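Participant: There's a structure below that I have some questions on.
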Amino acid sequence: MKRKMLSVLLTAAMVAGLTVAAAAPACAAEAEGDTLNIYCWNEEFKTRITDHYPGYEEVDATTGKIGDVTVSWNITPNQDNAYQNNLDENLLNGSGIDIFLVEADYALKYVNTDFTVPVSDLGLTEEELANQYQYTKDIVTDSNGALKGVSWQGCPGVLIYNREVAKEVFGSDDVETVQAKVADWDTFVATAAELKDAGYKVVATANDTYRVYSNNVAVPWVDSENMIVIDDNIKKWAEDSKALVDAGETETFELWSDDWSKGFYPDGKVFAYFGPAWLIDFSMAADTEGSIANMGGWGAVEGPQGFYWGGTWICGAAGTDNPTLVADIMRQMTTNPDVMKEIVLQDNDFVNNKPVMEELSTDESYGDAVLGGQNPLAMFCAGAEKIDLSNISAYDQGCNEEFQHAMKNYFDGNASYEEALELFYTAVQEKYPELSHR
């Protein structure tokens, strides 16, 4: 109960844009701490540091060394909001956090408080960050215009298609042919019917397309009067998805469920998924014999609309007694072009450095084995430049989650659209009591 109350307190304060008391950053300290405490939700950042940060020595699963400083990893999974709950409690308790990581969906919750240090206070300059994609900065810029975090990766997305299905149904798996079949949402829906006739689902679940629609809204979820607003593109997702589900052209599975991932294999009979570089290489069973990824059987096209999915931002915690080391980690992992290129070539990640990505996008020797040797970086680069975050808000995570949950009732025939909307409004207002709707 204590943890829940602390989390509610922190969330309410952050969403409201309030300043929560926290120690000022120790950027001028002469002697720095002997332990660097890093809070994150999985092994990804730890792996990047272990493999690419100059001088890092791994001690064990949760400990490392950088010079004389002990690096302590506090890793709490995201499930059931456990990571944020743990982070919130330790921030409020002043538990000596030096670095913590955030995702796009809830970044503003932390950025708009004094728990995060402007990177300029740590010594990072605009010139050093000039090669980073603008959207990665916008996500972690507070209401006063201060940049409060940095990321080593960009996560623009593409439509990932089954090459064998494309050959069978469309007569070709080349990029031009497939893109023409998914050029916009109306064409995508028409193509779904063609795929169904051949025995395939266009996507594994209606939830596969949600993020693409939601990344292209014209207004934020909440207006200046704290009213919930449902953008026309979100409404179109509900309309298109209902049509696809009713026609048997997709399902209503949860993302990451076993049913959702059946399409990673030929017998799953799924034509496409939507995702960024990390989904292609780390989440589609590439190491499993018999999977489409393992056989190099996927391809990539831009799809109906540009979008992004995910990303991880490094935030310096207010009160850190290791400001110099925090700054150097940010600098090495997000601005060093040699480290950036190394991450792409070794890990197939899309990194947050325009010159590096543009160079590799035309490199004929670079190709993704999962995509049959295709080099998708040019379309990733183009997508990253088009990402518009002018309509993000601190309410995005809760509103997006609850809208999908509520609409599942509609898609499954357990509620009308209007009844599903009421379920959505009720759930969101339980999370954010300050909100209302017309």
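Participant: Please list, ordered by first then second residue, the pairs with beta carbon atoms under 6 Å, 6 or more apart or interchain, first in segment 46-73 and closer than 22 Å to residue 151 by Cβ, second surrounded by 15 or more Cβ atoms within 10 Å (Cβ to Cβ) and among the basic types (Lys, Arg).
Facilitator: Within 6 Å, the pairs are 73/46.
Participant: Quickly run through segment 36-69 and pick out the residues that are within 25 Å of residue 335 (Cβ to Cβ) and of a type in the set (Ser, Thr, Tyr).
Facilitator: Residues of segment 36-69 within 25 Å of residue 335 (Cβ to Cβ): 36-58, 64-69.
Selection gives 39, 47, 50, 53, 56.
Participant: Here's something else I'd like to know. Cβ-Cβ distance below 9 Å, separation of 6 or more or different chains: which pairs start in segment 343-356 with a residue that is free of Cβ contacts under 8 Å to residues at least 40 places away in the same chain and end on one that is of a type in the set (Phe, Trp, Tyr)?
Facilitator: As it stands, the answer is 344/350; 344/366; 345/366, since those pairs meet every condition given.
Participant: Could I ask something else about it? Would you be able to tell me the number of residues in segment 52-98 that are closer than 23 Å to residue 347 by Cβ, among the polar types (S, T, N, Q) and within 17 Å of the chain's Cα centre (by Cα)?
Facilitator: Residues meeting the conditions: 1.
Participant: I would also like to ask the following. For the condition of a type outside the set (S, T, N, Q), farther than 30 Å from residue 437 by Cβ and within 22 Å of the chain's Cα centre (by Cα), what is the one hit in 309, 313?
Facilitator: Details: 309 fails: farther than 30 Å from residue 437 by Cβ.
After ruling out the rest, the residue left standing is 313.
Participant: For residue 237, are the conditions met, namely being touching a Cys at 6+ places or on another chain (Cβ under 7 Å), buried (at least 21 other Cβ atoms within 10 Å of the Cβ) and at pLDDT 95 or above? Steps first, please.
Facilitator: Values: touching a Cys at 6+ places or on another chain (Cβ under 7 Å): no; buried (at least 21 other Cβ atoms within 10 Å of the Cβ): yes; at pLDDT 95 or above: yes.
In short, no.
Participant: How many residues does segment 169-187 hold that are more than 17 Å from residue 379 (Cβ to Cβ) and surrounded by 15 or more Cβ atoms within 10 Å (Cβ to Cβ)? I'd like the intermediate steps shown before the answer.
Facilitator: Here is the first cut: in segment 169-187, the ones more than 17 Å from residue 379 (Cβ to Cβ) are 169-172, 185-187.
Those left that are additionally surrounded by 15 or more Cβ atoms within 10 Å (Cβ to Cβ): 169-170, 185.
Residues meeting the conditions: 3.
Participant: Tally time: how many residues in segment 240-276 are assigned to a helix (DSSP H, G or I), without any contact (Cβ under 8 Å) to a residue 60 or more places away in the chain, of a type in the set (A, V, I, L, M, F, W, C) and surrounded by 17 or more Cβ atoms within 10 Å (Cβ to Cβ)?
Facilitator: The total comes to 3.
Participant: State whether one or more residues within segment 99-114 are under 23 Å from the mean Cα position of the chain (by Cα), over 29 Å from residue 431 (Cβ atoms) and in the same structural domain as residue 322 (by TED's automatic domain parsing).
Facilitator: Initially, segment 99-114 is screened for residues under 23 Å from the mean Cα position of the chain (by Cα), giving 99-113.
Next, from what is left, pick out any that are over 29 Å from residue 431 (Cβ atoms): none.
Within segment 99-114, not a single residue is under 23 Å from the mean Cα position of the chain (by Cα), over 29 Å from residue 431 (Cβ atoms) and in the same structural domain as residue 322 (by TED's automatic domain parsing).
Each row is one residue, and each column tells you yes or no for (1) modelled with pLDDT of 95 or more; (2) in contact with a His (Cβ under 7 Å, 6 or more places away or on another chain); (3) among the hydrophobic types (A, V, I, L, M, F, W, C); (4) crowded, with 18+ Cβ neighbours inside 10 Å.
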| site | (1), (2), (3), (4) |
| --- | --- |
| 125 | yes, no, no, no |
| 130 | yes, no, yes, no |
| 141 | yes, no, no, yes |
| 145 | yes, no, no, no |
| 149 | yes, no, no, yes |
| 158 | yes, no, yes, yes |
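Here's the yes/no breakdown for (1) modelled with pLDDT of 95 or more; (2) of a type in the set (Gly, Ala, Ser); (3) out of contact with any strand residue (DSSP E or B) (no Cβ under 6 Å at 6 or more places or on another chain); (4) within 30 Å of residue 131 (Cα to Cα):
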residue: 371; (1), (2), (3), (4): yes, no, no, yes
residue: 387; (1), (2), (3), (4): no, no, no, yes
residue: 393; (1), (2), (3), (4): no, yes, no, yes
residue: 397; (1), (2), (3), (4): no, no, yes, yes
residue: 407; (1), (2), (3), (4): yes, no, yes, no
residue: 412; (1), (2), (3), (4): yes, no, yes, no
residue: 418; (1), (2), (3), (4): yes, no, yes, no
residue: 427; (1), (2), (3), (4): yes, yes, yes, no
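Participant: I've got another one for you. Condition check: crowded, with 21+ Cβ neighbours inside 10 Å and more than 15 Å from the chain's Cα centre (by Cα). Does residue 322 satisfy that?
Facilitator: Taking the combined requirement at face value, the residue satisfies it.
The values are calculated or read from the model by the stated rules, or taken from the named source; none is laboratory data. Bear in mind that the values here come from a model prediction, so they are computed numbers and not experimental data. Note: ideal-geometry Cβ built from the backbone for every residue, glycine included; neighbour counts use all protein chains shown.
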